[in-house]
Amino acid sequence: MPTLGHSLIAALKDHGAREIFGIPGDFVLPLCKVIEESGLLPFYTLSHEPAVGFAADAAARFRGSISVAVATWGAGAFNLVNPVAGAYAERSPVVVVSGAPGVHERASGWQLHHMSRAIDTQARIFREITCDQAVLDDPARAPADIARVLRSAIAYSLPVYIEVPRDLVGAETAAVAPLPRLPVDADALAECADEILARLAAAATPVLMVDVEVRRYGVEDKAARLARALGIPVVTTFMGRGLLSGHADVVRGTYMGAAGEAAITRLVEGSDGLLLLGVILSDTNFAVSERKIDMRRAMLAIDRAVRVGHHAYPAIPLDALLDALLARVTERPAAAAPAAPPPPASTLSLDDAVIAPSDVAAAINDLFAAHGPMPMAADMGDCLFTAMEIANTDLVAPGYYAGMGFGVPAGLGACVAAGGRPLILVGDGAFQMTGFELGNCRRYGWDPICLVFNNASWEMLRVFQPESAFNNLDDWRFAELAGPLGGDGVRVRTRRELAAALACAHATRGRFQLIEVMLPRGQTSDTLARFVAGFKAARERGAAG
């Protein structure tokens with residue numbers, strides 16, 4: 001009979017996990033030993049638990065499956081709270097596995113080290129930011145609990161929490177049998193699909209908008225097929241940038257309201273048949289709309305439910321909905337779809353002018369044009385808005401939760417899960433938080449290209465409150481740190497130097513490449529400037545109303 005630890009790891013693999021990120025600690029050491037010795041899943045240890053959470057989140061996003069973050073109880077797991085909160089907000093199925101005091105230790109009467117308030121405090125905190133939880137304190141019940149929790153992670157595309165007492169890791173238990181999918185009411189699904197297609201057929205200007213759940217549930221190809229079959233244009237949200245990157249024939253662009261292309265804004269805001277697939281109704285997606293979108297006339301599929309006008313259809317998963325829609329339409333060949341937009345015409349001028357953020361986008365576009373696209377991980381800040389000016393490619397970023405520190409560890413997660421060498425965009429403030437995680441690349445043979453936007457400033461905060469001196473940062477000379485960390489670093493100040501550094505980085509394999517891009521303080525990308533202007537205008541309209 002297998003042990004509880006072995007059954008858990010085997011179940012993670014059977015449910016789609018392909019790696020485990022973690023940091024050892026005393027309460028999780030027995031489980032880490034089983035992970036390492038079983039060889040069922042590769043185990044990547046990083047330097048601080050927030051990076052573990054961000055890396056697992058990014059791996060889950062790129063692959064469209066669960067990924068795993070392992071930490072010890074208390075002092076370790078509490079460091080995972082912020083990344084897991086971000087994963088919950090942005091619907092990423094991270095499985096948190098925490099070692100914990102043994103059953104006998106819990107009954108000792110002692111205050112246990114790493115305990116903040118009570119034995120169950122950690123589990124209660126994670127209950128707020130996960131969709132299902134299990135404390136595996138009964139080996140007989142553990143397989144059923146593991147199966148239930150992992151099904152929830154997959155069904156809802158949300159984080160889950162599993163706590164393993166350390167003295168039960170070696171306890172005998174049964175293997176975990178995966179549970180069947182949650183049921184779908186066939187009649188409700190049929191009625192929902194029929195109503196959506198009827199509304200789209202009656203609309204003069206139907207539009208399909210896609211967001212994060214389309215990637216989370218692995219239905220990008222189905223969404224593209226539906227768009228071709230119906231002959232309707234597709235746009236991504238700000239958060240969904242990078243979706244359908246392999247279907248350029250159907251994607252018109254990214255909707256960003258006043259901050260985006262005027263034609264895309266008119267297309268979305270003027271639509272009388274807007275179908276939103278997996279779209280989070282957040283301020284980052286819609287706060288800069290030039291005119292308010294009437295959601296009463298829209299069709300929204302999110303969180304295993306569909307709303308069509310005033311009609312609600314609960315328990316309708318996104319993949320089942322797309323299957324039902326596709327079964328009711330005749331698919332057209334790809335050639336009949338709308339023509340793909342031209343690539344960004346933003347070739348970098350190779351001169352000695354100082355670099356502006358939008359120049360970084362131009363340089364990357366030139367790199368992609370010459371060598372093909374790369375998957376990207378971006379942190380929060382102007383680096384993310386600059387990414388909106390880069391040709392559409394697979395992208396992960398904390399666009400809604402907007403937590404800093406995501407970019408570098410997300411890039412490490414991309415090294416494992418993205419299927420190609422990743423490009424990392426990160427600001428100097430966020431790099432100060434998690435940039436040293438690049439030092440783990442040498443152990444695992446990872447060689448991402450990391451561009452650090454260094455303006456010695458929290459520049460995105462400055463655009464909202466320019467008078468505050470606390471937005472100023474010191475110059476940490478990041479490029480000089482790359483060598484000791486196992487990579488190569490270069491600092492660039494001109495557009496000519498930037499292009500040369502990118503070409504050299506792309507040609508160099510086996511070590512991470514860090515390009516420190518020196519930017520003038522107070523200068524932002526064109527997209528961020530438009531976003532801030534649109535956001536302020538929307539706020540003023542709201543205050544006036």
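Laboratory data are not the source of any read-out in this text; all were calculated from the coordinates shown. Note that the structure is predicted; figures quoted are calculated from it, not measured. Quick reminder, even Gly has a Cβ in these numbers, built from the backbone with ideal geometry, and neighbours come from all protein chains shown.
Straightening the chain between R442 and H113 buys 115.1 nm, computed as 0.36 nm per residue apart minus the Cα-Cα spacing. Note that the stretch 383-391 has calculated 3J(HN,Hα) couplings of 4, 6, 5, 4, 4, 5, 9, 9, 3 Hz, one per residue in order, obtained from phi through the Karplus relation 6.51 cos²θ - 1.76 cosθ + 1.60 (θ = phi - 60°); glycine and proline are x.
Compute the FRET efficiency between E480 and A503 as 1/(1 + (r/R0)^6), taking r as their Cβ-Cβ distance and R0 = 25 Å, and round to the nearest 0.05. Walk me through the numbers before you get to the answer.
Values: r = 21 Å, r/R0 = 0.85.
Using R0 = 25 Å, I get an efficiency of 0.70.
Using the Cα centre of the stretch 4-168 as the reference point, and only Cβ charges (+1 on K/R, -1 on D/E), how large is the resulting charge dipole? Debye, rounded to the nearest 20. The dipole magnitude comes to about 340 debye.
Assuming 1.567 mPa s and 4 °C, estimate D for the stretch 146-257 with Stokes-Einstein, Rh taken as the Kirkwood radius over Cα pairs, in µm²/s.
Working: Rh = 17.4 Å.
After rounding, the answer is 75 µm²/s.
Can you bin the stretch 242-285 into rounded, prolate or oblate? Criterion: square roots of the alpha carbon gyration tensor eigenvalues sorted a ≥ b ≥ c, rounded for a/c under 1.5, prolate for a/b above b/c, oblate for the rest. Cα axes put the stretch 242-285 in the rounded bin. Distances between placed amide hydrogens fall under 5 Å for V135 paired with E163, all partners being 5 or more residues away or on another chain. For F470 and S47, the FRET efficiency from 1/(1 + (r/R0)^6), where r spans their Cβ atoms and R0 equals 22 Å, is about 0.20.
Could you estimate the translational diffusion coefficient of the chain from the Stokes-Einstein equation, with Rh from the Kirkwood formula over C-alpha pairs, at 10 °C and 1.306 mPa s, in whole µm²/s?
On the way: Rh = 24.4 Å.
Approximately 65 µm²/s, per Stokes-Einstein.
Computed from phi, the 3J(HN,Hα) profile of the stretch 62-69 under the Karplus parametrisation 6.51, -1.76, 1.60 (θ = phi - 60°) reads 5, 8, x, 8, 5, 9, 10, 10 Hz, with x in place of Gly and Pro. Backbone phi angles across the stretch 195-203, fed through the Karplus curve with coefficients 6.51, -1.76 and 1.60 (θ = phi - 60°), yield HN-Hα couplings of 5, 4, 5, 5, 5, 5, 5, 7, 7 Hz in residue order; Gly and Pro are listed as x. Temperature 37 °C, viscosity 0.692 mPa s: under these conditions the Stokes-Einstein estimate for the stretch 417-545, based on its Kirkwood radius over C-alpha pairs, is 202 µm² per second.
Put a plus charge on the Cβ of each Lys and Arg, a minus charge on the Cβ of each Asp and Glu, and nothing anywhere else: the dipole of the chain about its Cα centre is then about 560 debye.
Near the amide H of T254, within less than 5 Å, lie the amide hydrogens of T236, all on another chain or at least 5 residues away, with H placed in the peptide plane. From the largest down, the stretch 206-261 spans 30, 24, 17 angstrom on the principal axes of its Cα atoms. P(r) tail, the stretch 249-315: Cα-Cα pairs separated by more than 16 Å, 49% of all pairs. Computed from the alpha carbon atoms alone, the convex hull of the stretch 186-336 holds 99 Å³ per residue. Annotation: lysines with alpha-carbon distance below 26 angstrom to K33 (same-chain offsets under eight excluded): K13. For the stretch 4-168, the convex hull drawn through the C-alpha positions has a volume of 92 cubic angstrom per residue.
For the chain, DSSP calls about 15 percent of its internal beta bridges antiparallel. If the reach is capped at under 26 angstrom between alpha carbons, list the lysines near K536, excluding any in the same chain fewer than eight residues apart. List returned: K292.
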